[in-house]
Amino acid sequence: MIIDSHEHLMLPTELQIEQMNKAGVDKAILFTTTPHPEKAKTLTEFKNEMSILFKILGGENSLENNKKRFKKDISDLMKVINNYPDKFYGFGTVPLGLSLEETQIWIKQYIIDNGLKGIGEFTPGNDEQVSQLETIFKALKQYENFPIWVHTFNPVTLNGIKILENLTRKYSKTPVIFGHMGGYNWMEVTDFVKNTPNAYIDLSAAFSTLALKMIITEVPEKCLFSSDAPYGDSFLNKQAIEYLSPSKKISDKILGENIIKLLELK
């Protein structure tokens with residue numbers, strides 16, 4: 001089974017499924033979204049959608065606004081998953097800045113009770129927000145092997161990545177997916193994942209096929225195929241993995257077997 005381990009909810013859902021089918025993707029792990037750049041018909045419309053994303057990445061929204069947005073986004077996500085259970089699994093978002101008790105309640109109510117498979121995507125805008133992830137790790141101690149997905153490309157810095165690495169070591173029973181390969185810090189992330197049992201690499205947003213090939217070679221059992229759709233394309237990303245993998249056995253692991261094992265999918 002081929003699983004795109006990181007797609008955002010796209011509209012209309014039928015078009016998203018059509019694109020998955022064309023790419024030969026059986027299922028996708030669906031993540032929430034607020035902007036919908038796939039709907040843009042002009043550059044101006046695209047800029048308007050991306051401005052929403054940049055505010056999120058920059059950490060400009062208040063906690064209360066984030067809570068309202070996350071509740072709506074999770075509701076939208078669950079509607080799609082419930083309508084197409086044969087095509088989608090899901091990850092759910094948790095606001096940063098809540099107390100430990102509030103975080104535990106949120107995870108139980110919006111993530112666990114909805115049958116979601118993990119938490120994320122976290123998009124920390126600065127090192128302080130990366131440090132705030134420790135509350136999430138603490139709240140997850142009661143759930144064994146429940147993964148966290150963290151955006152590790154810009155604006156996350158090398159120092160931010162090192163903070164996340166320390167949290168990953170400290171909370172060794174929580175799997176951590178380093179989203180987008182660590183961006184320009186992919187070598188640092190690859191070395192860390194290679195030596196850390198609970199760390200994994202998401203292969204979306206690769207800026208270099210050389211980096212992608214090296215990661216596949218070094219940590220094939222820790223790599224997760226994904227497109228980050230609509231920002232990436234599952235067909236092209238799948239082709240890249242098939243082309244760059246040294247064997248079909250390895251590409252099969254990356255394209256589905258690794259995420260099935262990690263999330264204990266059936």
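Only the coordinates and a few stated rules stand behind these numbers; no lab work does. Since this is a predicted model, take the numbers as computed values, not measurements. Note that we place each Cβ from the backbone using ideal geometry, even for glycine, and neighbour counts take in every protein chain shown.
Quick notes on this one:
- Its residues counted as N, the range 1-89 yields a C-alpha radius of gyration over 2.2 N^0.38 Å of 1.17.
- Pairs of Cα atoms nearer than 8 Å and 6+ residues apart set the relative contact order; for the chain it is 19 percent.
- Cα-based Rg / Dmax (Å) for the chain: 17.1, 49
- The Cα trace of the range 130-266 gives Rg and Dmax of 14.2, 40 Å, the first to one decimal, the second as a whole number.
- Cubic angstrom per residue, convex hull over Cα atoms of the range 86-144: 82 Å³
- Here is the list for the range 115-183: trypsin sites (Lys or Arg not before Pro) lying in DSSP coil, each with at most 15 other C-beta atoms within 10 angstrom of its C-beta, are Lys173.
- Dipole magnitude (debye, nearest 20) for the range 3-263, charges at Cβ of Lys, Arg, Asp, Glu: 280 debye
- Counted charge near Lys27, where neighbours are those whose Cβ lies closer than 14 Å (Asp, Glu -1; Lys, Arg +1): -1
- Residues Phe178, Phe146, Phe31, sorted so that the one with the fewest Cβ neighbours within 10 Å comes first: Phe146, Phe31, Phe178
- For Lys47, the lysines whose Cα falls under 21 Å of its own Cα, not counting residues fewer than eight places away in the same chain, are Lys39, Lys55.
- Look at where the Cα atoms of the range 140-159 and of the range 211-229 average out, and the two centres are 17 Å apart.
- Overall form of the range 1-41 per C-alpha gyration tensor (a/c, 1.5; a/b vs b/c): oblate
- For the range 211-266, averaging the sequence separation of C-alpha pairs within contact (under 8 Å, six or more residues apart) and dividing by the residue count gives a relative contact order of 40 percent.
- Within the range 141-173, backbone nitrogen closer than 18 Å to the virtual label 7 Å beyond the Cα of Ser131 toward Cβ: 156-171
- Protection-proxy order for peptides 96-107, 218-229, each taking the mean of Cβ atoms within 10 Å per residue, highest first: 218-229, 96-107
- The range 200-255, Rg to Rh (Cα coordinates; Rh as Kirkwood inverse mean 1/r): 0.91
- Helical content alone sets the calculated 222 nm signal of the chain at -14000 deg cm²/dmol, taking -39,500 (n - 2.57) per DSSP H segment of four or more residues and averaging over every residue.
- A full extension of the chain between Lys266 and Asn166 corresponds to an added length of 32.8 nm, given 0.36 nm per residue minus the alpha carbon distance.
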